[in-house]
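Undergrad: Quick one: the structure is below, questions incoming.
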Amino acid sequence: MQVSKNSVVTLSFELSDSTGKLLEKSDQPISYLHGGYDGIFPTVEEALEGVAEGGTVTVSMDPENAFGEYEDELVRVEPRDAFPMDGIEVGMQFQAGAEGSDEDLVFTVKEITAESVVIDGNHPLAGQTLLFKGTVEGVRPATSEELSHGHVHGEHGHHH
């Protein structure tokens, strides 16, 4: 079977930066529902269309097609007293509202001083061109339940 709309695709993958540095590698295959269900990057999904089990794809994704451009306005300096005195460390992440938006973002603590805390709402890979290499480990038709829920169930997928 080939990858097509409304199929469940199981794949192993590697994600590298533009210099070839490995950023992530799947320990276990992942599965997603193919065909516009937002289960994988759209450019990767497009490249996988028509690929059979055992096939491979390599996709270079510019920031716009990966984690977005780096946005300086998502870096904020907040008063130190707005955070707990104990337990906050550089690298910690938390969810908070973005200024001027109803959307919540994940912020990463970048710097802590006696007076302030610098937080960054950009994804850690924002602004980077990424290379995705994937191998199709399996393809099967999606069940009617998976189609109605918009995601994969069972092994490598969502469990209810």
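The values are calculated or read from the model by the stated rules, or taken from the named source; none is laboratory data. A quick note: this is a predicted structure, and the numbers were derived from the prediction, not measured. Don't worry about glycine lacking a Cβ; one is built from the backbone with ideal geometry, like all the others, and counts go over all protein chains shown.
Undergrad: Within segment 45-83, can you find the residues that are in contact with a Ser or Thr (Cβ under 7 Å, 6 or more places away or on another chain), more than 17 Å from G138 (Cβ to Cβ) and not acidic (D, E)?
TA: Scanning segment 45-83 gives V59, S60, M61, P63, N65, V77, P79, R80.
Undergrad: Looking at L33, L15 in this structure, which one is more than 14 Å from the chain's Cα centre (by Cα) and modelled with pLDDT of 95 or more?
TA: Among L33, L15, only L33 is more than 14 Å from the chain's Cα centre (by Cα) and modelled with pLDDT of 95 or more.
Undergrad: So, one more: From V75, V118, V106, which residue is more than 30 Å from K5 (Cβ to Cβ), without any contact (Cβ under 8 Å) to a residue 40 or more places away in the chain and either among the basic types (K, R) or surrounded by 13 or more Cβ atoms within 10 Å (Cβ to Cβ) (or both)?
TA: Going through V75, V118, V106 in turn, just one is more than 30 Å from K5 (Cβ to Cβ), without any contact (Cβ under 8 Å) to a residue 40 or more places away in the chain and either among the basic types (K, R) or surrounded by 13 or more Cβ atoms within 10 Å (Cβ to Cβ) (or both): V106.
Undergrad: Same structure again: Evaluate the following for E111: is it surrounded by 13 or more Cβ atoms within 10 Å (Cβ to Cβ) and either under 30 Å from P29 (Cα atoms) or at pLDDT 95 or above (or both)?
TA: no
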